Structure formats: C-alpha cells, structure tokens
Amino acid sequence: MEQRDFVIVGGGIMGAMMALRLAESASGSILLVEKSYPGAGSTGKSGAILRQHYSHKVTIGMARESLHWYCGFEDQYGLDISFNRPGMAFICKETDRENLERNVQLQQSLGVDTTVIDSQALRELEPAGSFADEECAAWEPEAGNVNPVQTVHAVLDCAIRAGADVRIGVRVTGFLRDGDRIQGIELDDGNCVAAGMVIVAAGPWAGKLLEEAGVPLPLQTLRPEQAYFEPPAGAREKRLIYGDLTNGLYWKPELAGWTRVGLLDMNDDAVVDDPDHYDEGVSGEFISKCRERLSRRLPHYCMSPSWGGVAALYTVTPDSHPLIGPVPGLEGIWVVSGFSGHGFKMAPAVGRGVAAAIGNDQAGHFEANFFAPDRFTRKAPIEVSYGYGILG
C-alpha cells in the first residue's frame, strides 16, 4: 500500500495552496487527489476578487496576507496568473455609514489602504455612475483579481515543482479507518493510500464525503447565479470592482472584457443536492434583474448586450465562514471547506496556516480557534457586521 504523510482531497485553490505550502516547508510527503480536473468546483467559476474589506481582525489580516502573496506570485514563481488591480468600492447609504467607518478604521489599523468617501468623491471616482447624495463608500485602491483557472493550475504546477504528487481523475470513495482514527483513503481505481493526515478540501463535495464517514457537518451547497454584460462602446466607465449594499449586488470587470454581475444576498440561491449534476445556466429573469439593478448605478448598462451567465457553487456554513480544523470526533483528518464565496481571497493565508498547524510552515494571520469546525455545537458562531454574509 502507498504511504503519504499528507493526503489532500480536492484540486481547487484550497487544496492546491495547501499542497504548495506543505511541500515548500518540507513538512513531509504529499499526495493531492482530484476526481475530475483542477477548479472543477467553486474555484473554476470564482470571480477571484481579492479585497481586504472585512469586519474581523482575523479575516482582514488573512485577506491582506493573501492579496500581497498573489501580488508577488508572478515575480516569485515566474508564472502568469493575470493579476489585475482596478480597486474596489463598497457603497452604502449614510444610515450605514457608522458601521462602514468602524470597519474601515479597523482595516486601517491593520495596514489596509482604505478610506470612506462621500457621494461627490464617488462621482469623481466613477463619472459614468449615478450616486445619491445620501450615499457613501469605502474605497480600497489595492483590491484586485486574478484569473481563477490560470491561478489554480499555476499553484499546482508550483506544488509539483516543490515535490508534491498530484493525481487528476481519481475519486476518493471512502476512508481507511481504525476506530476513531482515519488512516488513509480508498480510491475508485481500487487502490488505497495510507496517510498520517487526510485533509478534506473538496468544497461542495466535502459535506457528503464526511457524512458518509459518520460526521455530519453544517456544510450546504448553494447555486449562485452570475450574469455577464458587454459594456456599450464609448461608455466612460472606469472598470472598477464594486460591492453595492444599496442595490444588493456586486460587479467586476472580467479579463475577457465583460462585466460579471451577481447578487450579494445568498438567501435566494438554490440548494444543490448533487454538485456532480446541477444546472450551470442562468434564467432570463435573473439576467433582467441584474441589468435593471446595475443600470440604476451605471445607466449605460440598460443598452448592454447580455452574454448570458453561469451558475456556480458556494459551500456555505450557518455563519458564512469556513470550517478549518480537525474533524470533530475523529483523529487524523482535517476539514477545510465552507468558504461561502470567500475562498480565493483567503487561500494563501489558509494554506500557510494549515501547513503551520500540521506541518513545518511559519504561522501567519490564520487562527485555528476562530474557524474551528465544532464552533456551532459549542454555540459560538462567528458574528458578522454586515447583513450580507458574503461581505464578512
């Protein structure tokens, strides 16, 4: 039987990042197993927005650490991930200004370059936009994005260079188990791999995999829709990233030239029971809703051609923050899942944090107790300052 110190289940950005950090820190032998292809779950359709606008010290620090890692990736590793830095604005009404300012002050205290701007400054920032006098925004010029598919492949390539073994097209069907200890994995090709530690980073598939092992965790898979529009020719739009709390949507410039639009509220997203088979399209009703809301802010989008859209996958928890840590009731296994749309922003910090907790890496801003998988049974969920869990 094969033996590895670490087996990682899942080839999305989380699995790739942990493989890289464990390999670079010489923590032991590593095998990453992906059942289909890199980025087949949430990663491949991610907006890959990199921003530091959070309401907790831990998540701000992790987002900042991760943003700087992405920023330096191409220089460090010599691979292109299409890093782009247009900046991001979070718009709200004056009635929410006190909450916004409190979060911005916390971010500033942790080194984030961000300020609260009024409606006039918003109009100067985006001359093509429509902003009410009673609105304000947090402006974060450091915010950016990357190409998610390009990035996950680049990170996996770096992990392989560093010594990790990556197997694509092999599905984990179960775990090797001795009482309450997980000792490895069973594969659909009939082989087994013994492991000192198994890390389940399977995104939308993590909950079912662990439930079959007898450990139900509060992980639910949702189907958020996103629409794509082509900016009309001649529009004076600055092509920034926005989180619009007034109208309940976000939008960003895609590297292909389109504008991606999604809704902030996840409460209306459909639940996905089988992430291997779900509707990847979007409805005409959703496209119309996005065009109407976006046109309130950028009126030229009322004449914007639609390029349809795509339904993605979010793995969510009751407090919209991930489960990262030992699986309750079992030894030899960790879960890293439930990022609720925050995964790409946090991946480098999570990879480093997990590699420090179970390997030889140096600790960063990650705090294991903050994301402990048993926090709901302890009645200690993470409190958020926004009504939209996606903002954190």
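Brief remarks follow.
- Among the residues of region 41-65, those that are part of a loop (DSSP other than H, G, I, E, B) and within 16 Å of Leu106 (Cβ to Cβ) comprise Arg51, Gln52, His53, Tyr54, Ser55, His56.
- In region 131-151 there is at least one residue matching the filter, namely being surrounded by fewer than 16 Cβ atoms within 10 Å (Cβ to Cβ), in the same structural domain as Pro231 (by TED's automatic domain parsing), touching a helix residue (DSSP H, G or I) at 6+ places or on another chain (Cβ under 8 Å) and not charged (D, E, K, R).
- No other residue among Lys35, Lys57 is of a type in the set (Lys, Arg) and within 19 Å of Val198 (Cβ to Cβ) apart from Lys35.
- Per-region count, region 354-370, residues out of contact with any helix residue (DSSP H, G or I) (no Cβ under 7 Å at 6 or more places or on another chain) and in a helix (DSSP H, G or I): 3
- Matching residues in region 46-65 - criterion: being out of contact with any strand residue (DSSP E or B) (no Cβ under 6 Å at 6 or more places or on another chain) and either at positive phi or of a type outside the set (Gly, Ala, Ser) (or both): Gln52, Tyr54, His56, Lys57, Val58, Thr59, Ile60, Met62, Arg64, Glu65
- Set Pro348, Pro328, Pro373: member being crowded, with 22+ Cβ neighbours inside 10 Å, modelled with pLDDT of 95 or more and in a loop (DSSP other than H, G, I, E, B): Pro373
- Leading residue by the ranking (farthest from Pro141 (Cα to Cα)) among those in region 229-261 that are among the charged types (D, E, K, R) and part of a strand (DSSP E or B): Arg260
- Verdict on Pro218 being surrounded by fewer than 17 Cβ atoms within 10 Å (Cβ to Cβ), modelled with pLDDT of 95 or more and not in a strand (DSSP E or B): yes
- Selection count, region 66-105, where residues are assigned to a helix (DSSP H, G or I) and either more than 23 Å from Gly343 (Cβ to Cβ) or modelled with pLDDT of 95 or more (or both): 23
- Condition broken by Gly39, with the remaining ones in (1) on the phi > 0 side of the Ramachandran plot; (2) touching a Pro at 6+ places or on another chain (Cβ under 9 Å); (3) without any contact (Cβ under 8 Å) to a residue 40 or more places away in the chain satisfied: (3)
- Residue among Gly353, Gly338, Gly359 that alone is crowded, with 20+ Cβ neighbours inside 10 Å and at positive phi: Gly338
The values are calculated or read from the model by the stated rules, or taken from the named source; none is laboratory data. Quantities reported herein were computed from a predicted structural model and do not represent experimental measurements. In this analysis, Cβ positions are derived from the backbone assuming ideal geometry, glycine residues included, and neighbour counts consider all displayed protein chains.
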